[in-house]
Structure formats: C-alpha cells, structure tokens
Amino acid sequence: SQQGEEDPQALSIQEGENATMNCSYKTSINNLQWYRQNSGRGLVHLILIRSNEREKHSGRLRVTLDTSKKSSSLLITASRAADTASYFCATDGRPTPGGSYIPTFGRGTSLIVHP
Amino acid sequence: DVKVTQSSRYLVKRTGEKVFLECVQDMDHENMFWYRQDPGLGLRLIYFSYDVKMKEKGDIPEGYSVSREKKERFSLILESASTNQTSMYLCASSSLVGGTEAFFGQGTRLTVV
C-alpha cells in the first residue's frame, strides 16, 4: 500500500528556474525522505527530515515538512539540465521486527529541465 | 563508498522459467528489500528480510519467493516466470541504526517473453 503521493506527476521547466514538488501522506510518520531516480537506474537518497523538523537544506535542495497537514515539499533551486529525473518521497511504512521501518514510496514526480 | 549490487542490469527470460535475481550489499545492513517498479504504479514491495533466514511478505508477493542465507545476499526467485512479471526490479538495504535511509542497487530490467 502506498503512503505518500507526489504532486505534480510531471513538471517541465527551464534551466535556472526553481522546481517544487509536493508529497502528501496519510498516517503519522517518524521520518520522511526524498529520493531521486535517473532514467532506468536505482534510487538515490537525497535528504531525510524527521517529524520534529520543519525545514532542512542540502545544497540546492530545500525540504519542508508540515505534520499538521501531512505534507512535505521538495524545492530545487536554480535547476540544471542534470536535475532531470524522477523524484520520490518515502515515508515510514510497516515496522520491521528489528525496530526500523520499511520505506514506502509514492508514484513520483517526473522532472524535466530544459537547457 | 556504500554499495548494493544487483547481478544483472537486463535479463530476458521465457515464460515458465525459474528466474533468480541476486542482490549483494557490503554495508552489513540488517534489512534488505525487493521492490518492483512499473509505470504509473511507483515502487511496490515484494518481500523484505530483517535478518538471515528471516523474511516477510510485502504487498505483492504472489509468484515470488526469496532467500537470505547470508547477511549480505538477498535473492528474489520467480518460481515460474510469466509475462506480467516483466518489470524493473529494485533491491535495497538499510540499517537498523540511523533512521530508515535505504540504499538501492542499479535495478534489473526483466523481460519475460
């Protein structure tokens, strides 16, 4: 079952513009993560934000979390053609017997940055 | 550099064949996962393992089984491949320590003909 849902499904922008993707989820979480996937490849972890954090930065990435609205956003500033990829949010799914959680992914946002 | 390695990038198999997808991680992670990714459906969990010889079904286990005889290796088995199992298969691992960040392999694109 999918917990997070990204919006929009697809985003097309020009190089230099900012790209904003949103993620909504249904049940309370401990952490929310964002991943990137280049075409035909595996996912790469970008950033993790904990439920007691409201904002986090990493280079040109800015992630916000609003637990009252059960939503998160990923902002990529000054986008580059190399940012073209699919972006996924992942939330805590089922707990494992070992005490961690299975990451549960949304369907992703496909971002195209035109040079 | 942490690494999750899947044995094949591309695989073509015939209907009815038994197919093995192998995944190896070098991070001493307890958790390992197999996901399937299809257009418009995102990533769906097939099986996961939280320790050697321990496994639990995910959301879509039908037609699949798994094996984890060693901590670093997690195998996905298609007992009798069917065309509806044509998909991208992604292996991932994560630690019990440090949150639930998952590290992914490069993916195996399986085509069943």
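When N counts the residues of chain B, how does its alpha-carbon radius of gyration compare numerically with 2.2 N^0.38 Å, as a ratio? Please list the in-between numbers first.
On the way: Rg = 13.2 Å, N = 113, 2.2 N^0.38 = 13.3 Å.
Normalised Rg, Cα atoms only: 1.00.
Quick one: dipole size for the protein assembly as shown, taken about the Cα centre, charges +1 on Lys/Arg Cβ and -1 on Asp/Glu Cβ, in debye to the nearest 20.
So the magnitude is around 240 debye.
Pick out, from B:Gln85, B:Ser49, B:Thr15, the residue whose Cα sits farthest towards the positive end of the charge dipole of chain B, with +1 on the Cβ of Lys and Arg and -1 on the Cβ of Asp and Glu.
B:Thr15
Mind checking Rg over Rh on segment A:1-101, alpha carbons, Kirkwood formula for Rh?
That ratio is 0.97, to two decimals.
Using Cα-Cα distances under 8 Å and only pairs 6 or more residues apart, what relative contact order does chain A have, in percent?
Working: 286 pairs, mean separation 43.1, N = 115.
RCO, chain A: 37 percent.
Dipole of segment B:4-112, Cα-centred, from +1 at each Lys and Arg C-beta and -1 at each Asp and Glu C-beta, to the nearest 20 debye?
So the magnitude is around 360 debye.
Starting at the first residue of segment A:76-81, write each ³J(HN,Hα) from the Karplus equation 6.51 cos²θ - 1.76 cosθ + 1.60 with θ = phi - 60°, in whole Hz, x for Gly and Pro.
10, 8, 6, 4, 10, 4
Springs between alpha-carbon pairs under 10 angstrom, Gaussian network model over chain A: which of A:Gly93, A:Gly59, A:Gly42 fluctuates most?
Maximum among the listed residues: A:Gly59.
What order do you get for A:Leu74, B:Leu21 when you list them from fewest to most C-beta neighbours inside 10 Å?
Ascending number of Cβ neighbours within 10 Å: B:Leu21, A:Leu74.
What is the ratio of the Cα radius of gyration of the protein assembly as shown to 2.2 N^0.38 Å, with N the residue count, to two decimals?
1.01
Taking just the C-alpha trace of segment A:76-115, give me its Rg and Dmax in Å.
Radius of gyration, then largest Cα-Cα span, for segment A:76-115: 14.9, 47 Å.
Out of all DSSP beta bridges in segment A:5-114, what portion is antiparallel? Express it as a percent rounded to 5.
90
No value in this document is a laboratory result; all are computed from the given coordinates. Only a predicted model underlies this, so the values are computations on that prediction, with no experimental measurement involved. Backbone-built Cβ (ideal geometry, glycine too); neighbour counts: all protein chains shown.
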